[in-house]
Amino acid sequence: MQEPETRRPPAHAAWRWALIGLVVAGFAAAFGYVGGWLAPGRLTPKRIVDALQANGGEHPGYRRNHAKGMCVTGRFESNGSLATYSTAPLFGPGSSTPVVGRLAIPGGNPYAADSSIPIRSFALRFDLADGEQWRTGMNAMPVFPVSTAKAFYDLQVATHPDPATGKPDPAKPKAFFAAHPETAAFLAWVKTARPSASYVTETYESINAFYLRDAAGERHAVRWKAVPEQPPAGDGGPAAGDPDFLAADLAKRLGEGPLRWHLRMVFAADGDPVDDATKVWPDDRQTVDAGTIVIDHMEAQDDGPCRDVNYDPTILPRGIEVSGDPLLVARSAAYADSYLRRTSEEGHLPGTASPKENHP
Ligand code: HEM
């Protein structure tokens, strides 16, 4: 009788298994790299958001920065002036685009007093008729303190509360600013900044630059701002004693009628820095008024239409493009991390306890 032959995989099958193993290991390494597991010291979106959270506290269901705010809705009425510079359909003459917005204050504490910080913010999602979206988050300040994600992270760490006192150690931000001369323009501005009594008298700025793309394919570097029609008169300082005066003021003003901002595009001149948010452009740059943002309704953020919006500044319609400013990708990644945290926490979904009810 013949011995049965031992069945061995042919040589090419063994190679196939080895190759599959390599591909799987490659994917695992890629996930590890992105997740930051392979290099614990590497700066990841998670570490940035952890640093924001260490300063603002952990408030389930809330944004990890700009946590306190209100939802607003309305529309953008284009006057057509920007159509020669951008193919984005919302800039067509006479076009009206619905917007879902959010007025807020920076910081991770949704219970902070409105007077605690001299900066207000305005985020907008434009819902274009063809299904495209434009999302932007603007701050009421002309310049950002830092130009990179690493410096942003280091600034958060420098302002962490000292466990002994519950307050930041003043020596640390001092050392940070001394080591970061690019913060000079921001520091000069912040010296003169006062918390405004109203969201609606503020000028909000994109700070980061973007490109408009015209029908001939030409790119134009721009920054944009929302300039209020509401006059500063009557903005006589915050109402004493009320930590939530901004929401009260907004409700009162909307009771009297819609609020308006002009969307102004500021064009860079040759040589203006496009990828550095710490550098202002001179005041005399060409500016085009693209139309009017009209806000006619507000709602609490706990269940309003802005709650589940991630105002990621890299979500753009055709005709607007990101610049090479490294803050833009860093923002996109950090906002996604913050969004995933808050939308997966108890208190976020209707029917579970509202975030406010969880507050002592
Ligand atoms: C590396 C730099 C930055 C980081 C890491 C960062 C981080 C964040 C995070 C985590 C949020 C919460 C997002 C969410 O949960 O939906 C946020 C909100 C916001 N940030 Fe930034 N930010 C940066 C730079 C900027 C700059 C340059 C501006 C300038 C205009 C800005 C304006 C805003 C605004 C307006 C919001 C509120 C959006 C809303 O109302 O939902 N941020 N930021």
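In terms of other Cβ atoms within 10 Å, PHE245, PHE91, PHE267 run from fewest to most in the order PHE267, PHE245, PHE91.
Taking each of LYS68/LYS174; LYS172/LYS225; LYS150/LYS252; LYS174/LYS252; LYS46/LYS172 in turn, the alpha-carbon distance tops 31 angstrom for LYS172/LYS225; LYS150/LYS252; LYS174/LYS252. Placing +1 on the Cβ of every Lys and Arg and -1 on the Cβ of every Asp and Glu, with no other charges, gives the chain a dipole of roughly 740 debye about its Cα centre. Size descriptors for the chain (Cα atoms only): Rg and Dmax, in that order, 24.3, 108 Å. For the stretch 290-317 and the stretch 55-82, what is the separation of their C-alpha centers, rounded to whole Å? The stretch 290-317 and the stretch 55-82 have Cα centres separated by 6 Å. Across the options TYR211, THR292, SER196, the greatest Cα extent toward the positive end of the charge dipole of the stretch 191-341 (unit charges at beta carbon of Lys, Arg, Asp, Glu) belongs to TYR211.
Quickly estimate the mean residue ellipticity at 222 nm for the chain, helices only: each DSSP H run with n ≥ 4 gives -39500 (n - 2.57), and the total goes over all residues, rounded to 500. My calculation for the chain gives -8500 deg cm²/dmol from helical runs alone. Cross-link partners for LYS279 among the aspartates and glutamates, with Cα-Cα distance under 12 Å and sequence neighbours closer than 8 places in the same chain left out: GLU182, ASP325. Cβ crowding within 10 Å, taken as a proxy for footprinting-reagent exposure, orders THR73, THR278 from fewest neighbours to most as THR73, THR278.
Here the alpha carbons of the stretch 238-329 define both size measures, Rg and Dmax, at 17.9, 49 Å. Along the axis of the charge dipole computed for the chain (Cβ charges of +1 for Lys and Arg, -1 for Asp and Glu, origin at the Cα centre), the listed residues PRO110, PRO163, TYR85 are led at the positive end by PRO163. Convert 37 °C to kelvin, take the viscosity as 0.692 mPa s, use the Kirkwood radius over C-alpha pairs of the stretch 154-238 as Rh, and evaluate the Stokes-Einstein diffusion coefficient in µm²/s, rounded to a whole number. D = 195 µm²/s.
The residues THR165, THR159, when put in order of fewest to most other Cβ atoms within 10 Å, stand as THR165, THR159. Here the contact order of the chain, divided by its residue count and restricted to Cα pairs under 8 Å and six or more residues apart, works out to 22 percent. Relative to the Cα centre, the charge distribution of the stretch 269-325, modelled as +1 at Lys and Arg Cβ and -1 at Asp and Glu Cβ, gives a dipole magnitude of about 120 debye.
Read the figures in this text as sums done on the coordinates, not as results from a lab. Everything quoted here is computed from the prediction, not taken from an experiment. Quick reminder, even Gly has a Cβ in these numbers, built from the backbone with ideal geometry, and neighbours come from all protein chains shown.
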